[in-house]
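> Submitted below is the structure of interest, expressed as structure tokens.
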Amino acid sequence: MGSIRFTDVQARPTAFLDCTRLPLDEFQQLLPPVDAAYQAHLAVWRLEGQPRTARRCPVDQHCPLPTPAERLFFLLPYLKTSALQVVHGRLCGMGQRNANQWLHVL
């Protein structure tokens, strides 16, 4: 099953609206506050839900959602469709366990 990413649909307004229920300009307005909330959460908690004790959370090249736009784009279709986590994870190129983890963090 193929995956869909923010970069795949950002240049196609109708497809973007179909996936997120938002036009691109409204999506761009949501990015700063959503990313700030995400960064604040990760400053205190790890992705596994445990309190952070030492290191901060770096975003590296192996992160499945490396940019704020990818993280918000991952979340909005899930909220729009209330998809099963396993299906949503597969659509975004990850397994159910990883999708569950990201959905709870985001």
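The values are calculated or read from the model by the stated rules, or taken from the named source; none is laboratory data. Since this is a predicted model, take the numbers as computed values, not measurements. Neighbour counts are summed over all protein chains in view; Cβ atoms, including those assigned to glycine, are modelled from backbone coordinates with ideal geometry. Just the protein is used for accessible areas: all its heavy atoms, side chains included, with ligands, DNA and RNA removed. Shrake-Rupley method; radii C 1.70, N 1.55, O 1.52, S 1.80 Å.
> Projecting each Cα onto the charge dipole of the chain (Lys/Arg +1, Asp/Glu -1 at the beta carbon, about the Cα centre), which of 51, 64, 102 comes out farthest on the positive side?
Projecting each Cα onto the dipole axis, the largest value belongs to 51.
> With all protein chains present, calculate the accessible area of residue 27 using a 1.4 Å probe and round the result to the nearest 10 Å².
Rounded to the nearest 10, that gives 0 Å².
> Residue 45's amide H: which non-local residues (gap 5+, or another chain) put their own amide H closer than 5 Å, with H modeled 1.01 Å from N in plane and none for Pro or chain starts?
Residues meeting the amide H criterion: 52.
> A further question follows. What nm value, rounded to one decimal, do you get for the distance between residue 79 and residue 41 when each label is placed 7 Å out toward the C-beta?
1.1 nm
> Given the protein chains as shown and a 1.4 Å probe, how many square angstrom of residue 8 are accessible, to the nearest 10?
Approximately 80 Å² for this residue.
> Starting from the Cα gyration tensor of the range 1-46, take the square roots of the eigenvalues, sort them a ≥ b ≥ c, and report rounded, prolate or oblate (rounded when a/c is under 1.5, otherwise prolate if a/b is larger than b/c, else oblate).
oblate
> If the chain between residue 26 and residue 52 were fully stretched, how many nm would it gain, using 0.36 nm times the residue separation less the Cα-Cα distance?
6.1 nm
> OK, next. How large, in percent, is the carbon and sulfur part of the accessible surface of the chain at a probe radius of 1.4 Å? Walk me through the intermediate numbers first.
On the way: 3760 of 6690 Å².
That share works out to 56 percent.
> On a full-extension model of 0.36 nm per residue, what is the gain between residue 15 and residue 3, subtracting their alpha-carbon distance, rounded to one decimal in nm?
Details: separation 12, 0.36 × 12 = 4.32 nm, distance 1.42 nm.
Full-extension gain reported as 2.9 nm.
> Between [x] 1.28; [y] 1.07; [z] 1.00, which entry matches Cα Rg over 2.2 N^0.38 Å as derived from the coordinates of this structure?
Given [x] 1.28; [y] 1.07; [z] 1.00, the structure-derived one carries the label [y].
> I've got another one for you. Whole number in Å², please: accessible area per residue of the range 1-75, 1.4 Å probe, ligands, DNA and RNA not counted. Numbers along the way, then the final one.
Numbers: 4940 Å² over 75 residues.
That works out to 66 Å² for each residue.
> Once every DSSP H run of n ≥ 4 in the chain is given -39500 (n - 2.57) and the sum is divided by its residues, what mean residue ellipticity at 222 nm do you get, rounded to the nearest 500 deg cm²/dmol?
Values: 6 runs with 64 residues, N = 106.
Taking each H run of at least 4 residues, the total per residue is -18000 deg cm²/dmol.
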